[in-house]
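What follows is a short report on a single structure.
The values are calculated or read from the model by the stated rules, or taken from the named source; none is laboratory data. Just so we're clear, the structure is a prediction, and the values are computed from it rather than from any experiment. Counting neighbours? That spans all protein chains shown, and the Cβs are built from the backbone with ideal geometry, glycine included.
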Ligand SMILES: [Ca+2]
Ligand SMILES: [Ca+2]
Ligand SMILES: [Ca+2]
Ligand SMILES: [Ca+2]
């Protein structure tokens, strides 16, 4: 790691650039704007500054720096552990064991070690990002600590085949509590066809069952969202919530059940939280090729409901896949809709051909629709930002930058670079330049607030790396090697003032 190479002051944000190859920032969740990360924050040495927990080590922070000498390898038993962190302590779970460590100077001090037989886990479709090596030499970061009782000592919750297993620490290590059966009933999937010939292929197949649902743990409550059988392309989503009753061994509390069913909604709408009220929200994005135009135009449609499917709102635009469709643009706590459109199809067929074959500059528009206190998104945009994005080659050549544009990788509005809770805009306006537009009074300035250089073969992401609540800009290059992928990463740390 090389520290503080360049420091430039322009506008209200300053960047300090550092090499940090270990940091991996993936695509954000399109419905929340939250980037997927290979790290977490905790203050392991309790000096008031966030340290970085990676799957193999902790990087301790000293005044915005992560000195190589303060990199502490994680305790690594023979079995690859799943790490979690609570109250600045490191928990590690292996096949049959649980340990808790705290950092004492530069060494880990074990404050608990016990054997536990864990249940068989439910398979999880969401894998953490950045895991490229087939042969892992380290553990993984997981989430299994939840303070259900609210007493500052976390419970361990493990989603297993037969239900949720809860383990509590009542002073002398963790013991198993109830297995909580809150899952919906599995659906039977009938085999699509059965072979009747040749005779040896004839067999009675036992239809597999399928269980698909989302489970949310939040404070002391648990919410399970499942779906009904389809009504064409429409489904109903069922939501059930319980509170844990700590006095009764963490069973769901009697009478604490809240259940709701949505009106029929499109099956691609996923549960999400667009505002803080208790009604579950659902939203989804689909892209399709428009059939009623001469040029085959790509359309992106965002559909959402904040009232359980009674009313659907939708925003349609000529657009390739965008990075993210919701961010809290104005910082009021409710997510707002981001609708981008490409200018590739502007005009008629002739303009489209000219633009595709010979022009390198693409017009691009970002529209923001704010959410009001009733959960409605404004029909007409509250903000329109027009951009010009210059590619290295005309779109027809299908170069890597155009591919990146079609994947939403050139426009990022998920970060807050100056810490005022309002989202700022980072756009790759040129093959070798990132343009940064700070959100000033819910508007973006005409000219960029500042720019950063980017190598033509590099990509970028936005996330808070040092845990100071200011988003940082991550510029990285990947190279495929025989032994996996090598990554070179430079983090541009945002600072309010020059160091
Ligand atoms: Ca610290
Ligand atoms: Ca908002
Ligand atoms: Ca901001
Ligand atoms: Ca930061």
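For the range 61-92, a tally of residues being within 16 Å of ligand 4 (Cβ to nearest atom) and either under 22 Å from the mean Cα position of the chain (by Cα) or part of a loop (DSSP other than H, G, I, E, B) (or both) returns 4. Checking the structure you have, find out if any residue of the range 30-40 is surrounded by 22 or more Cβ atoms within 10 Å (Cβ to Cβ), closer than 28 Å to residue 333 by Cα and within 16 Å of ligand 2 (Cβ to nearest atom). Yes, because at least one residue in the range 30-40 is surrounded by 22 or more Cβ atoms within 10 Å (Cβ to Cβ), closer than 28 Å to residue 333 by Cα and within 16 Å of ligand 2 (Cβ to nearest atom). Those strands (runs of 3 or more DSSP E) of the range 379-492 in which at least 3 residues are surrounded by 15 or more Cβ atoms within 10 Å (Cβ to Cβ) and within 16 Å of ligand 3 (Cβ to nearest atom), considering only elements entirely within it, cover 411-415, 424-430, 433-437. In the set 224, 182, only one residue is outside any strand (DSSP E or B) and either modelled with pLDDT of 80 or more or surrounded by 10 or more Cβ atoms within 10 Å (Cβ to Cβ) (or both); that residue is 182.
For the range 360-372, the condition of being out of contact with any strand residue (DSSP E or B) (no Cβ under 8 Å at 6 or more places or on another chain), under 30 Å from residue 309 (Cβ atoms) and not in a strand (DSSP E or B) holds for at least one residue.
The set of residues in the range 31-51 that are assigned to a loop (DSSP other than H, G, I, E, B) and within 12 Å of ligand 4 (Cβ to nearest atom) comprises 49, 50. If the requirement is being out of contact with any helix residue (DSSP H, G or I) (no Cβ under 9 Å at 6 or more places or on another chain) and at pLDDT 95 or above, which of these qualifies: 107, 137? Sole residue among the options that is out of contact with any helix residue (DSSP H, G or I) (no Cβ under 9 Å at 6 or more places or on another chain) and at pLDDT 95 or above: 107. Residues in the range 307-319 that are buried (at least 19 other Cβ atoms within 10 Å of the Cβ) and within 23 Å of the chain's Cα centre (by Cα) were compared, and the one that is farthest from residue 409 (Cα to Cα) is 315.
The set of residues in the range 381-409 being without any contact (Cβ under 8 Å) to a residue 24 or more places away in the chain and either within 16 Å of ligand 1 (Cβ to nearest atom) or on the phi < 0 side of the Ramachandran plot (or both) consists of 384, 386, 397, 399, 402, 403.
A quick yes/no check of all residues on (1) touching a helix residue (DSSP H, G or I) at 6+ places or on another chain (Cβ under 8 Å); (2) farther than 21 Å from residue 328 by Cα; (3) at pLDDT 95 or above:
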{"position": "431", "(1), (2), (3)": "yes, yes, yes"}
{"position": "440", "(1), (2), (3)": "no, no, no"}
{"position": "457", "(1), (2), (3)": "yes, yes, no"}
{"position": "465", "(1), (2), (3)": "no, no, yes"}
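Suppose the filter is surrounded by fewer than 19 Cβ atoms within 10 Å (Cβ to Cβ) and under 26 Å from residue 415 (Cα atoms); does residue 64 pass it? For residue 64, the condition - surrounded by fewer than 19 Cβ atoms within 10 Å (Cβ to Cβ) and under 26 Å from residue 415 (Cα atoms) - is met. Being within 16 Å of ligand 2 (Cβ to nearest atom) and closer than 25 Å to residue 22 by Cβ is a description that does not apply to residue 468.
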